[in-house]
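The values are calculated or read from the model by the stated rules, or taken from the named source; none is laboratory data. Here the structure is a predicted model, which means the values were calculated and not measured. Cβ placement follows ideal geometry from the backbone for every residue including glycine, while neighbour counts extend to all protein chains displayed.
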Amino acid sequence: MDILSGLQTGFAAVLQPSMLLYCFAGVFIGTLVGVLPGLGPVGAMSLLLPPTIGLSPAASIIMLAGIFYGAMYGGSTTSILVNIPGEAASVVTCLDGYQMARRGRAGPALGMSALGSFVGGTFSVVALMVLVFPLAEFALKFGPPEYFALICLSMTVLSYLTSGARSKALLMVLLGLILGTVGIDSVSGMPRFCFGSAFLLDGVGLIPVAMGLFGISEVLVNLESPEERSILNERITNLFPTLDDWKRSAAPIARGSVLGFLLGILPGAGAVMASFLSYAVEKRLSKRPEEFGKGAIEGVAGPETANNAASGAAFVPLLALGIPPNIVMGLLMGALVLHGVTPGPLLLTQHPEIFWGVIASMYLGNVMLVILNLPLVGMWVRVLRVPYKFLMPMILLCCLIGVYGASENPADIWVMVASGAAGYVLRRFGYELAPLVLALVLGPLLETNFRNSLTLSDGSFAIFVTRPIPAVVLGVSAVLVLTMLHPKTAKRSRLAVGSIE
Amino acid sequence: MDTPYAPAEGKGRKTPHLFVLAVWTGLGAFLAIHSWGRLGVGQIRSPGPGFMPFLLGVLFFLAAAVTFAREVSPRRQGEGERKEALPSNLGKIAAVLVTLLAYGVLLERLGYVVTTFPVLAVLFFAAGVRRWAVAAGSSLALTVLTYLLFGYLGVLLPSGILPALSFG
């Protein structure tokens, strides 16, 4: 199927009232989640995963994907107006966006943020369409050793790029992989680590664990130190940037699109790293670097474009290879698997309606988001004024209903609460949770490919070094792991990239 | 916001984290031994159900042991001790967790409406809503709203002791 006919298929599927509604619901909830500090896109997707199980695979992914890239738009609103980032990829926007707002230029800051996000998001969708087919065709030549190596690299890079101690991130990856072995072994049918419990025969559920680790633990952390928010009271006017704003922002937007897309494809990098690097690049290239940190519009345009470009790019390895590059894509992969759809190179031929439907929805979703974030920005300002003490119980209730609704098994509530408590304790000790959940998602795939590789090679580990792709990829992973465990490099990384998207 | 949470650090004990690392080390050892002895690792050309857990157990043991050794090394001691500060709202956090666990126990026995209303009231109070009338009113409104909304979305919520409230 060529690109034009594929787009036709996609738009035909998405331009149905119900699909448009799911797309709008996703981007609306994503923007809301991005605006409100306290529940990031990962937590929101975990909450909405259970209700979407009853939808078609395409509708489910369209809605969940909308939450992801919608949060990139929404996060900048609270960064600019409150100086508190709504989600990790908008941290950098606080630096100049809030300063612009203090000088009475909140409107142009919000406007440029939304328009830059639109350009970045659209660029990444176009590039996704162009890249995914050749990559998928290449991936059809992959066997179990190649997939095993790529999954290892994905988890290793995510741990390496963590802002916390790398040795702790490595421990979380291993713990996630271990949790993934609980349940019935798919090859032998033997129960593993069930200890006589029928509940554990199906393994450790992704939904209760993810909701506990990201939803419940986040609430507990916020209970510890409730934040006071003061919102700028000036009326927001002149949402459209001036000609001078555009002249200064055009190049940062162009660079942010490319930089964000390239980083979004890489496992472990993503929107957060893209926004930080874009800011650093723009400051380095600017003729007026002294203005950065005091209200330079380039400091808003570049990073916001980059984080949206990265969010679209993250779909490339998921859809083409079946390997999620970050935790959000891991949840999307979990959603696809729950619907009986296996992401990867065969998805494009076996389920073109899902792939092209997602592409078309991303085009439409970006248009909806510009409308939501520009003329309707006043609505989000009102939302920001809702005190957290009212939001917190709502978030917890959504967690409870969400996890119960997925399985109608109250034991999942206990798993979620236990995961939440464990997540809170782990975070207090400086452990990050994204590597654990990504490993939980990828663990079964890793094991299957590893065992199949050994069966293929009749027990010889040489298969991982004699084939070029696994040899190179595993070599890189090994170097990164040794670096993580080395005393001099195992301490906290100076680059505050955050790890979760 | 999904960002790494940096706990307060200062002078004091770091025993709690060493305890956690010791637990990780023990867990790794247990996994390796259990996988080898009970599950069976099979043969290299045909790995058994315990093969991967055994490998993971060994790696986990090594990673935890290395991290533990580094934490107790003399060089690390010279960096100054860190305190894992107790949270200021530990009681509130514990109350929220107990409330959520109780919700899981009572949900199917008492039903969604009867369980959710008091639990939400407790959560509102824990979150900082001091006036009981506001907490109770908000709880009631949220309970009814979510019951209707999720019922419409097809999420089957238990009716419990109020069978008249069941959907369908």
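Is there a residue being within 19 Å of the chain's Cα centre (by Cα) and without any contact (Cβ under 8 Å) to a residue 24 or more places away in the chain anywhere in the stretch A:316-335?
yes
Quick check on the stretch B:19-60: of everything there that is at the interface with another protein chain (Cβ under 7 Å from one of its Cβ atoms) and surrounded by fewer than 22 Cβ atoms within 10 Å (Cβ to Cβ), which residue is farthest from A:SER457 (Cα to Cα)?
Step by step, filter the stretch B:19-60, then rank; the result is B:VAL20.
Hey, does the stretch B:127-145 have a residue that's touching a Ser or Thr at 6+ places or on another chain (Cβ under 8 Å), assigned to a helix (DSSP H, G or I) and modelled with pLDDT under 90?
no
Step by step: first the residues of the stretch B:146-155, then only those that are part of a helix (DSSP H, G or I) and within 9 Å of chain A (Cβ to nearest Cβ), then the one that is farthest from A:PHE390 (Cα to Cα). Which residue is that? Full working, then the answer.
The initial filter retains those residues of the stretch B:146-155 that are part of a helix (DSSP H, G or I), namely B:146-152.
Then keep just the ones that are within 9 Å of chain A (Cβ to nearest Cβ); that gives B:146, B:150.
Numbers: B:THR146: 15, B:PHE150: 20 Å.
Among residues in the stretch B:146-155 that are part of a helix (DSSP H, G or I) and within 9 Å of chain A (Cβ to nearest Cβ), the one farthest from A:PHE390 (Cα to Cα) is B:PHE150.
Considering only the stretch A:24-44, state which residues are over 13 Å from A:LEU391 (Cα atoms) and at pLDDT 80 or above.
Once the filter is applied, which keeps residues that are over 13 Å from A:LEU391 (Cα atoms) and at pLDDT 80 or above, the stretch A:24-44 yields A:PHE24, A:ALA25, A:GLY26, A:VAL27, A:PHE28, A:ILE29, A:GLY30, A:THR31, A:GLY34.
Considering the stretch A:414-438 alone, what residues qualify as being at the interface with another protein chain (Cβ under 7 Å from one of its Cβ atoms) and touching a Lys or Arg at 6+ places or on another chain (Cβ under 9 Å)?
Listed by number, the residues that qualify are A:PHE429, A:GLY430, A:GLU432.
Pick out, from the stretch A:152-225, the helices (runs of 4 or more DSSP H) lying fully within it that include 1 or more residues that are within 26 Å of B:ALA64 (Cβ to Cβ) and facing another protein chain (nearest Cβ under 9 Å).
A:166-180, A:217-224
Select from the stretch A:136-151 the residues that are modelled with pLDDT under 80 and assigned to a helix (DSSP H, G or I) and write down the one among them that is farthest from the other protein chains (Cβ to nearest Cβ).
Looking at residues that are modelled with pLDDT under 80 and assigned to a helix (DSSP H, G or I), I get A:GLU137.
Could you figure out which of (1) touching a residue at least 12 places away in the same chain (Cβ under 8 Å); (2) out of contact with any Lys or Arg (no Cβ under 7 Å at 6 or more places or on another chain); (3) within 14 Å of chain B (Cβ to nearest Cβ) isn't true of A:TYR73?
(3)
Select from the stretch A:400-413 the residues that are touching a helix residue (DSSP H, G or I) at 6+ places or on another chain (Cβ under 8 Å) and either within 8 Å of another protein chain (Cβ to nearest Cβ) or within 12 Å of B:TYR103 (Cα to Cα) (or both) and list them in ascending order.
Result: A:LEU400, A:ILE401, A:TYR404, A:GLY405, A:PRO410, A:ALA411, A:ASP412, A:ILE413.
Restricting attention to the stretch A:1-55, report how many residues are touching a helix residue (DSSP H, G or I) at 6+ places or on another chain (Cβ under 9 Å) and not in a helix (DSSP H, G or I).
Residues meeting the conditions: 10.
Quick check on the stretch A:454-470: of everything there that is more than 19 Å from B:MET52 (Cα to Cα) and touching a residue at least 24 places away in the same chain (Cβ under 8 Å), which residue is nearest to the other protein chains (Cβ to nearest Cβ)? So that I can check it myself, show each step before the final result.
Residues of the stretch A:454-470 more than 19 Å from B:MET52 (Cα to Cα): A:465-469.
Restricting the remaining residues to those that are touching a residue at least 24 places away in the same chain (Cβ under 8 Å) gives A:467, A:469.
Values: A:ARG467: 18, A:ILE469: 22 Å.
Once the filter is applied, the top-ranked residue is A:ARG467.
Just checking, which of A:ARG451, A:ARG428 is of a type in the set (Lys, Arg), free of Cβ contacts under 8 Å to residues at least 24 places away in the same chain and surrounded by fewer than 24 Cβ atoms within 10 Å (Cβ to Cβ)?
Values: A:ARG451 fails: free of Cβ contacts under 8 Å to residues at least 24 places away in the same chain.
Within the list A:ARG451, A:ARG428, the selection yields A:ARG428.
Can you tell me how many residues in the stretch A:169-202 are surrounded by fewer than 24 Cβ atoms within 10 Å (Cβ to Cβ), in contact (Cβ under 8 Å) with a residue 40 or more places away in the chain and in contact with a Gly (Cβ under 6 Å, 6 or more places away or on another chain)?
Number satisfying all stated conditions: 1.
Looking only at the stretch A:380-412, how many residues end up being more than 25 Å from the chain's Cα centre (by Cα) and not charged (D, E, K, R)? Even if it seems obvious, please write down each step before you answer.
First pass over the stretch A:380-412, keeping only residues more than 25 Å from the chain's Cα centre (by Cα): A:382, A:385-387, A:389-390, A:408-411.
Filter again for not charged (D, E, K, R), leaving A:386-387, A:390, A:409-411.
Residues flagged as more than 25 Å from the chain's Cα centre (by Cα) and not charged (D, E, K, R) within the stretch A:380-412 amount to 6.
May I ask you to list the residues in the stretch B:109-130 that are more than 10 Å from chain A (Cβ to nearest Cβ) and touching a residue at least 24 places away in the same chain (Cβ under 8 Å)? Working first, answer last.
Of all residues in the stretch B:109-130, those more than 10 Å from chain A (Cβ to nearest Cβ) come to B:110-111, B:113-114, B:117-118.
Within the stretch B:109-130, B:LEU110, B:GLY111, B:VAL113, B:VAL114, B:PHE117 qualify.
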